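Data first, discussion second: the structure below is written as structure tokens.
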Amino acid sequence: MSIFDVLHDRKNTRSVKWDNLEPVFQSTDVLPMWVADMDFKAPAAVNDALVKRAEHGIYGYTVIDEDVKGAVINWVKHRQNWTIDPDWLSFSPGVVTSLHMAVQAFTEPKDKILIQTPVYTPFYNVIKQHDREIVKNPLVYENQSYTIDFADFEEKLKQGVKAFIFCSPHNPVGRVWTHDELSEIARLCLKYDVLILSDEIHGDLVFKGQHQIPIATISDEVADKTITCMAPSKTFNLAGLDASFIVTTNEEKRKKLNTLFSKQGIGGLNAMGNTALEAAYVHGGAWLDELLTVLEDHQKYVSEMFAAHAKELKVIQSEGTYLLWIDCSELNMDDEELKNFMIQKAKVGLNPGIAYGDEGKQFMRMNIACPRVTLEEGVNRIIDAVSNR
Ligand SMILES: Cc1ncc(COP(=O)(O)O)c(C=O)c1O
């Protein structure tokens, strides 16, 4: 039996996904398939390293040494073909924190910041909470797939956009952007002098035939205009350990960002995050390869099951991430009805698409990073509910 088939009881572990059902779904009787963490154990090497660290029993201030930086550099080189200089690295508790900091460091109140909707909900907050203005470049949805409307993108940049928060790969629509798409984004951002804040947290989670290309690798000029946020947290299920990093090739920008981190008293990695990040990047490659085959298989299963037994639900073919974006418009329900239907009738806890913007109306997002039996249970609950509605 594969390690990805093992069922783990996550209840009573202070898990947001499993222990926070009542406030989120007003019910504890739902199978949680929502927030983006996995029901799999991290690679054994990560757990071994953490146990060893815990056995030492002293948790004093922690340094990020050359070994840790080397682990990051090797990983990014081998997985994404990007050669990073150790000086370009900054460390942060999380990607959302990094985005908050970058928005404050490089833009001013009332500045326009562009996002491609529907998109990861905190992108909206990162803009609104600092009194910046959201500018939307909605993705084009056609034939159950998503592309970028470049004419609209350019039109919006022309209106004086300062920064673009880029989701690459894209949560929730599951796109892994091609070299052509990245080049065109980069060309337009250079033309209109727009800073790219590239959230590449899902960058390791791309399926066969897809290649994750960090937008900063398009050219040195593009790298100069880009702040790239990466992390082992989605890849290896380490979100609770608060470990991520930022790559900024431009020295002036890097200093500005690091100064702001320092002013807020945020910096470094905690003792466990530091340990887990290194172990994951040094030893986690084979684990990740196996995970990706499991996730791809899960996606296929959900698509085929719905196509055969709940034709009203269209699964958007995902190129990466463990989040499936499901078009439920043929159920002819409004958003409230759809949400209640999934909770009360199907008894599954999914993320309502509307949470990602108006463009997500009548969609639901399903987290498929769980053992197959859990996935089958969730899928069958939905099929039964759709069949008996
Ligand atoms: C696109 C994206 N960015 C950032 C995050 C969260 O990052 P962190 O936990 O490092 O703040 C998520 C989590 O789902 C995500 O999907």
Unmet requirement for Glu319, which otherwise passes all of (1) among the charged types (D, E, K, R); (2) within 16 Å of the ligand (Cβ to nearest atom); (3) without any contact (Cβ under 8 Å) to a residue 12 or more places away in the chain:
(3)
Kindly indicate whether Val96 is touching a residue at least 12 places away in the same chain (Cβ under 8 Å), part of a helix (DSSP H, G or I) and within 14 Å of the ligand (Cβ to nearest atom).
yes
Residues located in the range 82-113, provided they are within 18 Å of the chain's Cα centre (by Cα), of a type in the set (S, T, N, Q) and surrounded by fewer than 21 Cβ atoms within 10 Å (Cβ to Cβ)
Thr97
Breaking point among (1) more than 15 Å from Ser92 (Cβ to Cβ); (2) touching a residue at least 24 places away in the same chain (Cβ under 8 Å); (3) among the basic types (Lys, Arg), for Lys255:
(2)
Helices (runs of 4 or more DSSP H) (entirely within the range 1-57) containing at least 2 residues that are outside the structural domain of Thr293 (by TED's automatic domain parsing):
44-56
If you check every pair at least six apart or on different chains, which have Cβ atoms under 7 Å apart with a residue in the range 231-252 that is touching a residue at least 40 places away in the same chain (Cβ under 8 Å) and closer than 16 Å to Ala216 by Cβ first and a residue that is assigned to a loop (DSSP other than H, G, I, E, B) and more than 10 Å from the ligand (Cβ to nearest atom) second?
Val247/Ile84
Residue hits (the range 355-389; in a loop (DSSP other than H, G, I, E, B), within 24 Å of the chain's Cα centre (by Cα) and at negative phi) are Lys361, Ile368, Ala369, Cys370, Pro371
Conditions (1) more than 16 Å from the ligand (Cβ to nearest atom); (2) among the small types (Gly, Ala, Ser); (3) more than 30 Å from Val379 (Cα to Cα) -> Ala280 fails only (1)
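Would the range 238-248 turn up any residue that is surrounded by fewer than 22 Cβ atoms within 10 Å (Cβ to Cβ), within 18 Å of Trp88 (Cα to Cα) and within 16 Å of the ligand (Cβ to nearest atom)?
no
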Filtering the range 178-199 down to residues that are without any contact (Cβ under 8 Å) to a residue 60 or more places away in the chain and either within 13 Å of the ligand (Cβ to nearest atom) or outside the structural domain of Tyr146 (by TED's automatic domain parsing) (or both) yields Ser198
Look at Gly268 and say whether it is within 30 Å of Asp327 (Cβ to Cβ), assigned by TED's automatic domain parsing to the domain that holds Arg132 and not hydrophobic (A, V, I, L, M, F, W, C).
no
Tell me whether the range 63-73 contains one or more residues that are farther than 27 Å from Lys347 by Cβ and within 16 Å of the ligand (Cβ to nearest atom).
yes
How many residues does the range 219-233 hold that are out of contact with any strand residue (DSSP E or B) (no Cβ under 7 Å at 6 or more places or on another chain) and either in the same structural domain as Pro371 (by TED's automatic domain parsing) or crowded, with 24+ Cβ neighbours inside 10 Å (or both)?
1
From (1) surrounded by fewer than 24 Cβ atoms within 10 Å (Cβ to Cβ); (2) at negative phi; (3) out of contact with any Gly (no Cβ under 8 Å at 6 or more places or on another chain), pick out the condition that doesn't hold for Phe207.
(3)
Flagged in the range 257-269 as farther than 15 Å from Leu99 by Cβ and either surrounded by fewer than 18 Cβ atoms within 10 Å (Cβ to Cβ) or within 10 Å of the ligand (Cβ to nearest atom) (or both), in numbering order, are Asn258, Thr259, Ser262, Lys263, Gly265, Gly267, Gly268
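The values are calculated or read from the model by the stated rules, or taken from the named source; none is laboratory data. Everything numeric in this text was worked out from a predicted model, so none of it was measured. Cβ: placed from backbone, ideal geometry, glycine included. Neighbour counts: every protein chain shown.
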